[in-house]
Structure formats: C-alpha cells, structure tokens
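The values are calculated or read from the model by the stated rules, or taken from the named source; none is laboratory data. Everything numeric here is computed off the predicted structure, so don't read it as measured data. Ideal geometry is used to build each Cβ from the backbone, glycine not excepted, and the neighbour counts take in all protein chains shown. Accessible surface areas use protein heavy atoms only, side chains included; no ligands, DNA or RNA. Shrake-Rupley method; radii C 1.70, N 1.55, O 1.52, S 1.80 Å.
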Amino acid sequence: MKRKMKGRKIYTYRARNRRVFSDYHPLRSAIGTVLTLILVVVIGFVGYNVVGPIVTRLQQEKLNPTATADPYFTENSAGEIITAVQTQATTTPQTTTSTDTTTETSATTTTEAFPSRFPSDIDVAYFAAEDALKNLDSVEAAAKKCRENGYRSMILPLKLSSGMLQYASSVDKAAACGASNDEMLTLREIVNAAKRYDVSCIGQIFTLEDHTFPNFFMEGSYVFKEGTTRWLDNKPEEGGKPWLNPFDAASADYLAGIAAEIQKGGFTQIICTGTIFPHFFRSDAELIGNHIEDADKRKEALVSVLNRIADVAPTAGLYADLYAVSQGTEEAFQPAALHMTPIYMEIHSAKFTEAFTIEAQRFDPAALAFPEKIKMLAEAARIAAGSHEVIPILQTAQMSEAEIETAVSVLGENGFKKICLYNAADQA
C-alpha cells in the first residue's frame, strides 16, 4: 500500500476585536453608551434651565399679567417704549385674577375710559408718596390711585434729599457710594407697571441736597482749603452732614449721569428740586473760601449744574417757588442764563396775602376771588419765567376738591396744559 505524503499542517486564527475601535470591540460599545448618557444629561440640563423659565414666565403672564417680576419691553425706531401690555388685544375691558390659598390679586387693564375729572386736553400729574417705589405692587397701587382720581401722570421721588436713589441705577458712582443697589426696581419696571393703568411717569430728583455721594467721595463735596478735610453742615456729634458742591464739576457730572438714565428709562419729564446751598456760618468762608459768600458766583454755580443736566436730559426742568421768586430769595431761578426749557413753578395761593412785584409789574391778590387769584398768580409766574415754559405746581393742602378742579380748569383756559398737584399730607 502506497503511503500518501502529507505536508506540514498550519493552524490559523482570526484576531477578532483586537482593535479597540473595531465595530465589534466591547470597549467601543461601552464608550458609546457613556457618551449617549452624557448627551441626554446635557440636553435635560439645558432644557430645565433655559426652556423651563421661559415656559413658566409665559404661564405667569397668561394667569396674571401684573405679577411678572421683570416686565419686558422693546423700543421702536423713535425710541418709544413698547411694553408687553401694549401688544395685548384691547378690544374689550378685561380683569384677570390669580388666587392662592391666602391672597387674591386682581389686575385691571387700561382699556376702560379714563375718568373725566379734568379736561381731556390737560395732563394733570400728582406727586406720589415716597413708599410708592418699594416694589412693583406699590407702583401699580400708586398708578391705580392716580388713574381713579383722573391724573394722567404721577411724579415719583427717584432721588431723595438724603441722596439715596429709589431705583437700580447703572451709574457706577451711585452704586459705589451706596445710593443704589441691584435689589431695587429698574426704571423700565417702574414705567411698565404704571403703563398698565395708562399713567405716565415723571421723575423728581433732589440735586445738590445730597448727603450720600459726598459722604463717600471727596470729590463733589465741600472741602477745607487744606484739601484733606470734608466740610459738614454741623458738628459730627450733632448730625452734621456733607453736601454736594456746585463749584466742583464732579457734582454736575454725577447728577447729569442720573438725569440721563432717568430720561432714557422712559420717564417723560424730570423735576430738579433741592438746587440750593446749605446754611453757612461766617467762619465757613475762612475754611472753604470766600466764593461761598459771593452772590454772583453762587448763582452762576447753581445754574451751571442745572445746565449740565439740561445738556443730557432736555425734558428736565427747574423747580422754583413763586413766593420765593417774588421775594428774591430763589437763587437758582435765573431764567436768562438757564438752558432748561420748562420751569416747574410752585403756586401756594394761601401764601399770597399782600401785593408783590415781579419784573416791575405789581400784583395784588388780596381782594380777588379764588379763580381770579389763581389766574393772576399763574400770569405772574409766566412773566417771571420769561421765554421758559411754565408748568404750575399747585399746593392743594388747603384746597377743597371743588377748588382743585376749578384751579385746573382756570389754568387750562389760560394755556397751561401740564399741571402738577402736591399735597404734603399725602407724602407721609
């Protein structure tokens, strides 16, 4: 039997899945699973933190339009504010109510007719109390009260005589000196809240009567000649306070920054009050300088501050007291040198019991009936202001409701289409 020759037997094998990135390698499958889980987590995180708040915000707006924490807005090409409220349908009056277990909040839209207490062509503004700016609810309550009383605008105290601001300012030095903080309402929030009741906002700011900025910054304050000691209006132990110094350009720059952001924030007008000097003792001139006693330099310094504000906020106007003007004691009232267009003239009819003279014209209100007296005082204010627009501020503390309405009507008939009402009793 012939033997069959056999060759050497060679054994082979397939190196399956030896490469990590092979389609069949188990490690690749594990990596893919981990990456998928990470992607799911990232998508969930983004959805919760970005989409979630937007959905919640829209639901809140739908349930209660007045409860939004941050009223949103846009601006058209003319710079006018367009709020979310203005984009809603206004064909029929609506009332939306949100109720929980303890409180009930109602929001009234602005579609109802405006109360006809005053002539429709007259914009009557009312000074709101200081606490109107505590939060959005207090702003809306003040706006609602204004509307119910026929006032189309409300005057809000944005900068107090202490120097503290009542809104969140973007002026760096306002935050640095402690006059403002981010927890306060923004100007846009305030304006939007008032617009829910079709009420416009006017800002009131105390200018040089400010004890906050000069308490932090040496610049802008009265400083002794030696240059390192800040002047106070009394002894420290007796509550002495620093004041803004109109002779220092830093004061005007600070106030101009505030006025500019207020106007940009949607406030239609700005009333500048407290543009005065503190009371100086005779010895203070030796410590600070004789310029604080020079009448012409004092007036020039006050007007320079107001003009600096007018440069950046054209709607800003000086507050002046007609009685002080008639007595020649209103230092900042210098119409010929003042760049501001409006002058807000306080008219306190009860103060005028005797004849007075303005611009060589004699006025005697003693024997006049109330309507004629108001007309005469308004004419005196107009003559005193020269070419400036006069916006009367009526002191109403001693006036009846009928007298208030009569006074507004008389002023309107004589060409005054913007009128402010102030009652000290309502400011407490």
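A few comments on the model shown:
- Which numbered condition residue 171 fails, given (1) closer than 14 Å to residue 134 by Cα; (2) open to solvent by less than 40 Å² (accessible area, probe 1.4 Å): (1)
- Residue in segment 327-348 that is surrounded by 21 or more Cβ atoms within 10 Å (Cβ to Cβ) and of a type in the set (S, T, N, Q) present: no
- Count - residues of segment 304-324 that are within 10 Å of residue 340 (Cβ to Cβ), open to solvent by 20 Å² or more (accessible area, probe 1.4 Å) and in contact with a Pro (Cβ under 8 Å, 6 or more places away or on another chain): 1
- The residues of segment 404-428 that are surrounded by 14 or more Cβ atoms within 10 Å (Cβ to Cβ) and closer than 20 Å to residue 269 by Cα, listed by number, are 408, 411, 412, 416, 418, 419, 420, 421, 422, 423.
- Inter-residue pairs, beta-carbon under 6 Å, first over 20 Å from residue 120 (Cβ atoms) and in segment 148-169, second of a type in the set (Asp, Glu), 6+ apart: 157/130; 161/209; 163/210; 168/182
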